[in-house]
Amino acid sequence: VTAVAGQGLAVAGAAVALPGLLDREHGVVRHAPNLGWTDVPVPAAFPVAPPAGPATGPAPLPAEYDNEANLAALGELWFGGGARLGDFVHVSGEVGIGAGIVVDGRVFRGAHGFAGELGHLVADPSGPPCPCGGRGCLEQVAGQEAMLRAAGIPQARAVTGPDGSVNALLDRLNGGDAAALAAVDRAGRALGGALASAVNLIDPDAIVLGGVFSPLAAWIRPPLEAVLAAGPGSLRRAVPPVEVSGLAEGAAVLGAAGLVIERVIADPARLL
């Protein structure tokens with residue numbers, strides 16, 4: 001708020017990107033297994049509405065809250081290449097894996113707002129347990145931390161931030177490290193299998209790799225596309241193209257900004 005006031009601008013609103021199953025109607029994160037959250041009230045946990053004052057207008061503006069994968073898909077639609085793709089599935093991941101599904105220019109949320117939990121499709125029924133309570137979920141094979149473990153890279157999140165370990169993985173991939181190459185290849189094949197099922201179910205025009213999958217695309221896309229082209233059981237004559245997001249991990253932030261912009265355009269008088 002202070003930085004905005006210094007530029008003579010007004011705060012139009014705020015938005016928070018959240019992981020897990022978000023009940024937007026009641027403002028509650030129902031379940032975010034990787035954070036250990038169950039039924040967490042969002043406004044109480046994230047009181048981000050700016051205070052009233054010269055920089056923010058006459059009254060506090062309510063914050064927007066949305067699932068981070070949905071916001072990433074909106075970011076791709078509004079600020080990336082999504083507008084030319086038609087219906088698409090935007091896949092992003094760090095600890096977990098999420099998918100934002102765009103149909104007819106809008107995010108498809110499902111009956112309860114929980115659609116897109118691609119990371120909890122079963123990739124290996126005998127695989128490792130997942131914090132969601134299942135076993136062998138896709139994110140336990142193809143998620144960021146799963147790839148780092150398989151490549152033998154310490155996850156130095158607390159020391160270097162979330163990008164530190166990913167940069168180490170990229171360094172090893174560029175250097176031809178066998179363990180890193182095998183880890184990403186395995187992740188790509190698992191992701192391709194999950195997306196093959198999604199293609200049969202949703203019939204999208206395109207798939208977009210975002211989040212951590214964007215910088216890894218040179219290595220993860222070939223095995224993903226190989227599995228996608230082979231099926232399993234694809235009913236389409238041609239599989240959808242696999243695009244790489246130019247927004248990468250910034251897509252969700254841009255999507256969050258877009259929510260606020262959309263609100264201002266719909267009701268500009270609220271800023272007066």
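Could you give the C-alpha radius of gyration of region 66-183 expressed as a fraction of 2.2 N^0.38 Å, taking N as the number of residues it contains? Expressed relative to 2.2 N^0.38 Å, the Cα Rg reads 1.19. Taking 20 °C and 1.002 mPa s as conditions, region 1-271 diffuses translationally at an estimated 110 µm²/s according to Stokes-Einstein applied to its Kirkwood radius (Cα pairs). Remark: the residue 135-residue 266 segment gains 42.8 nm on full extension, using 0.36 nm per residue and subtracting the alpha carbon distance. Sparse packing (at most 12 other Cβ atoms within 10 Å of the Cβ) combined with a DSSP loop state is found for the following trypsin sites (Lys or Arg not before Pro) in region 181-264: 236, 237. Assign one of three labels to region 165-272, namely rounded, prolate or oblate, based on the Cα gyration tensor with a ≥ b ≥ c the square roots of its eigenvalues; rounded applies when a/c is under 1.5, prolate when it is not and a/b is larger than b/c, and oblate otherwise. Verdict is oblate for region 165-272. Among the protein heavy atoms of region 1-271, carbon and sulfur supply 58% of the accessible surface, probe 1.4 Å, non-protein parts ignored.
Between residue 7 and residue 83, the modelled label-to-label distance comes to 2.2 nm, taking each label 7 Å out from Cα in the direction of the beta carbon.
Each of the peptides 197-209, 240-252, 100-112, 134-146 was scored by the mean count of other Cβ atoms within 10 Å over its residues; in descending order, highest first, they stand as 134-146, 240-252, 197-209, 100-112. Entry comment: accessible area of region 1-271 is 46 Å² per residue, from protein heavy atoms only and a probe of 1.4 Å. Region 19-36 to region 196-248: how many Å between their Cα centroids? Result: 27 Å between the Cα centres.
The values are calculated or read from the model by the stated rules, or taken from the named source; none is laboratory data. Keep in mind that what you see is a predicted model, and the values were worked out from it rather than measured. FYI the Cβ positions are ideal-geometry reconstructions off the backbone, even for glycines, and counts take in every protein chain you see. Remember, those area values only see protein heavy atoms, side chains included, never the ligands or the DNA or RNA. Shrake-Rupley method; radii C 1.70, N 1.55, O 1.52, S 1.80 Å.
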